[in-house]
1. Which stretch or stretches of segment 160-178 have amide N atoms under 14 Å from the point lying 7 Å from ILE274's Cα along the Cα→Cβ direction?
2. Just from the alpha-carbon atoms, what are the Rg and Dmax of the chain in angstroms?
3. Cα centroid distance between segment 1-57 and segment 232-278, in Å?
4. What are the ³J(HN,Hα) couplings of segment 70-76, residue after residue, when phi is run through the Karplus curve with 6.51, -1.76, 1.60 and θ = phi - 60°? Round to Hz, x for glycine and proline.
5. Mark the label point 7 Å from the Cα of HIS294 along Cα→Cβ and return the residues of segment 244-281 whose backbone N is within less than 16 Å of it.
6. Can you tell me what percent of all Cα-Cα pairs in segment 143-235 are more than 20 Å apart?
7. Could you give me the ³J(HN,Hα) list for segment 55-69, computed from phi with Karplus coefficients 6.51, -1.76, 1.60 and θ = phi - 60°, whole Hz, x at Gly and Pro?
8. So, with a 1.4 angstrom probe, what is the percent of accessible area on segment 90-145 that is carbon and sulfur?
Amino acid sequence: MNVPFATMDRMHAAVRQQMMDAFAQSYDHGWFIRGNQCEAFEREFAAYCGAGYCVALATGLDALYLSLRALGVGEGDEVIIPGNTFVATALAVSYAGARVVTVDPDPLTFNMNPALLEAALTARTKAIIPVHLYGQAAQIDAICAFAKKHGLYVVEDAAQAHGAYFKGQHVGTFGDVGCFSFYPGKNLGALGDGGAIITNDEKLAQKIQALGNYGSQQKYYHVEKGTNSRLDEIQAAFLRVKLAHLDEYGAERNAIAARYLEGIHNPLITLPTIAPDRNHVWHIFAARCQTRDHLRDYLTNCGIGTLIHYPIPVADQPCYASEQLPRTPVTALCAQQEISLPMFIGMTDAEIDYVIEKLNAYTAP
């Protein structure tokens, strides 16, 4: 049996006609940038998250970068991020002109460890970017409390956490702004790139929208040196279709994860931990194994697809070599041991059983 790491074919087959209708409506309307589909999606996504405002943008990276710019983060400032995130989190800080400061994650959840923020704090610290990694909320209450105590901004990176909650509140609504990606593989994915911010601050939302529209709120009048970052109207139409199914998708991912958590009992494989007071939307089912590369080769030979998130920490990326970021133990552990198991909408019971069977049969070299 062959089991892919992920496929969107089955999910898309179920909503094909709705997606074709959404395309036809946008095509026939003839307005392709910031039209009625985009405005409707912004309203609907804000309502889904329990936020006052949403601004749809071109990418998740733009959401992070423009949020930092709108908050006044720039040259001479420092921004604390987890060391085990996708490089886009760090790039947003660099694009804003600030310096990246990394901290080690919690060894159980691999989300930002609030206990390490104090040691990373300097007089130049301006903001914190907690990442809700793999689809599980970070310890956002403690992070926000620390930020409030020290007068720092909180920009939540929720790129992998559509539908994730902490103590009943949707991620992205705790800090000053929440940032999302709609890359096709996300739990809520477009058919191309896309991103958005949510916030309860109207002025901040307006500023981010203006920065993504060449620095303009009034045509041909440019208050700031902005950029071009706007969600395509057709992508907004597609996202509206999928948003209506997002909770359904989340329930299916949880069912697959529950099968994994109950069925995998190989002592060589460490399963992910769900921390108290939150759900998990399982964008990634991230297991660990000391012989990860050997396990991955074994699963490949069994016809089972896997990925690694993320094999090279930010500190070890060539583009950050000159900044001499610290190499920390838990971040290194993630890079050396993490393996992402198949997780996708439409996964069959037989496929799930096969993955479990082969994982339980695995032996170390």
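The values are calculated or read from the model by the stated rules, or taken from the named source; none is laboratory data. Worth saying up front: this structure is predicted, and the values here are computed from it rather than measured. FYI the Cβ positions are ideal-geometry reconstructions off the backbone, even for glycines, and counts take in every protein chain you see. What goes into the accessible areas is simple: the full protein's heavy atoms, side chains included, and nothing from ligands, DNA or RNA. Shrake-Rupley method; radii C 1.70, N 1.55, O 1.52, S 1.80 Å.
1. From segment 160-178, the list is 164-168.
2. Gyration radius and largest Cα-Cα distance of the chain: 20.5, 65 Å.
3. 18 Å
4. Those phi angles translate into 5, 7, x, 7, x, 4, x Hz.
5. Correct set: 266-270.
6. On the way: 2028 of 4278 pairs.
Value for segment 143-235: 47 percent of Cα pairs lie more than 20 Å apart.
7. Result, rounded to whole Hz: 10, 7, 10, 6, 8, x, 4, 4, 4, 5, 4, 5, 5, 4, 4.
8. Here carbon and sulfur together make up 59 percent of the probe-accessible area.
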